[in-house]
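The structure under discussion appears below in the form of structure tokens.
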Amino acid sequence: MIIVIPVCKNDFKDPLTVFNGLMKTLRHFGPCLKHDLLIVTRPSDIEYANAVYGNIYDLFNKANLHVFSENGVEGWPEGPNFYWKNTISYLRDINNDKPWFWMEMDCLPLKKNWADILEEEYIKKGKPCLGTIQDTTTVTSDMIRIIIAQHLQGTAVYPPKLHEECTIWEYVDRLPKAFDVLCQWEIIPRTADTRLIQQGFRTINYKIHHNPFRIQGEDNGDMNGVVSYNHPLDPCAVIHHGCKDTSLANILTSPEYSYWLKEICKNANKA
């Protein structure tokens, strides 16, 4: 499997919390020597991509840094859409034959052998895509949340030749909607759901709690309580996506986290 990390300067906002968290946990949970690393970036952000590459290239079987031919659009969602589209194009052009995990920089591995576990699940499920299936929602003028469809959250494992499974990918950088939502009608029938990837969008201030024993963060409040992602850490997950400070990374690399994992396993065996 290829671990694809898109790097842009927005991931390096002071005090580099997202960058530091990912680098710290990747090293803590050890090398991924069965897997390749691909870092993708735009020309204007090559300095930041080099910083990521230099910190983690030795953890993988092979490592490569690919710079797109142009800077493309910026801002959300067109900027991330541009990265995703150009990555698919690059993998098509090199005739890639491996599944790939889109690992944005606010992702954190949660266990040793996390990439092995993801790939094994991908093979076992037998579908082109593997990830978290989520409700596609909208909000009314009086702040009522309405479910209108489902989509595969973008942090996911994709097939070697995604361009053969989806047609809309070529246009996502020209549309003001996140790529995972734009492609939902093509991607969802080709997707296996999994608990291995936990979504915790824009969460902060993770802490270890007792009675019950759990690790849990807080929403940053930008959704006004309409949508909440401050769920306790799922012991089945091997990747967490969305923490915007270093609080979770600090816990994951602490002795307390190792104890938490042992307690969770012990309780599971008793059940």
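What follows draws every value from the coordinates through simple rules; no lab data is involved. Everything numeric in this text was worked out from a predicted model, so none of it was measured. Cβ atoms come from the backbone with ideal geometry, glycine included; neighbour counts cover every protein chain shown.
In deg cm²/dmol, rounded to 500, what helix-only [θ] at 222 nm does the chain give when every DSSP H run of at least 4 residues adds -39500 (n - 2.57) and the total is split over its residues? -9000 deg cm²/dmol, from helical runs alone. Separation of segment 58-76 from segment 118-166 is 23 Å, based on Cα centroids.
If you stretched the chain out fully between Leu175 and Gln150, how much longer would it get, using 0.36 nm times the residue separation minus the C-alpha to C-alpha distance? Present the calculation step by step, with values, prior to reporting the outcome.
Details: separation 25, 0.36 × 25 = 9.00 nm, distance 1.88 nm.
So the chain would gain 7.1 nm between Leu175 and Gln150.
Dividing the mean sequence gap of close Cα pairs (under 8 Å, 6+ apart) by how many residues segment 69-224 holds gives a relative contact order of 27 percent.
Spacing of the modelled spin labels on Asn211 and Ser254, each 7 Å from Cα toward Cβ, amounts to 1.9 nm.
With kT/(6 pi eta Rh) evaluated at 25 °C and eta = 0.890 mPa s, and Rh the Kirkwood radius from Cα pairs, segment 1-131 diffuses with a coefficient of 161 µm²/s according to Stokes-Einstein. Once the Cβ-Cβ distance between Ile46 and Glu74 is put in as r, and R0 is 22 Å, what FRET efficiency do you end up with, to the nearest 0.05? It comes out at approximately 0.90.
Both radii come from the Cα set of segment 179-245: Rg as radius of gyration, Rh as Kirkwood radius; their ratio Rg/Rh reads 1.04.
Roughly speaking, what is the stretch gain from Ala63 to Lys127, that is 0.36 nm per residue apart minus the C-alpha to C-alpha distance, in nm to one decimal?
20.4 nm
Pairs from the table (Lys13/Lys62; Lys34/Lys85; Lys62/Lys127; Lys111/Lys262) lying more than 19 angstrom apart at Cα are Lys13/Lys62; Lys34/Lys85; Lys62/Lys127.
Ranked from highest to lowest mean number of other Cβ atoms within 10 Å per residue, what is the order of the peptides 134-142, 4-12? Working shown, then result.
Working: 134-142: 11.2, 4-12: 20.3.
Top to bottom by mean Cβ count within 10 Å: 4-12, 134-142.
Translational diffusion of the chain, estimated by Stokes-Einstein from the Kirkwood radius over alpha carbon pairs at 20 °C in a medium of 1.002 mPa s, is 111 µm² per second.
A protection proxy built from the mean count of other Cβ atoms within 10 Å ranks the segments 254-261, 201-208, most packed first, as 201-208, 254-261.
The ratio of the alpha-carbon radius of gyration of segment 130-267 to the globular-protein estimate 2.2 N^0.38 Å is 1.21.
Return the percentage of antiparallel bridges among DSSP beta bridges fully within the chain, rounded to the nearest 5 %.
Values: 18 of 40 bridges.
Taking every DSSP beta bridge within the chain, about 45 percent pair in antiparallel fashion.
Label-to-label distance for Thr138 and Leu33 is 5.3 nm, based on points extended 7 Å past Cα in the beta-carbon direction.
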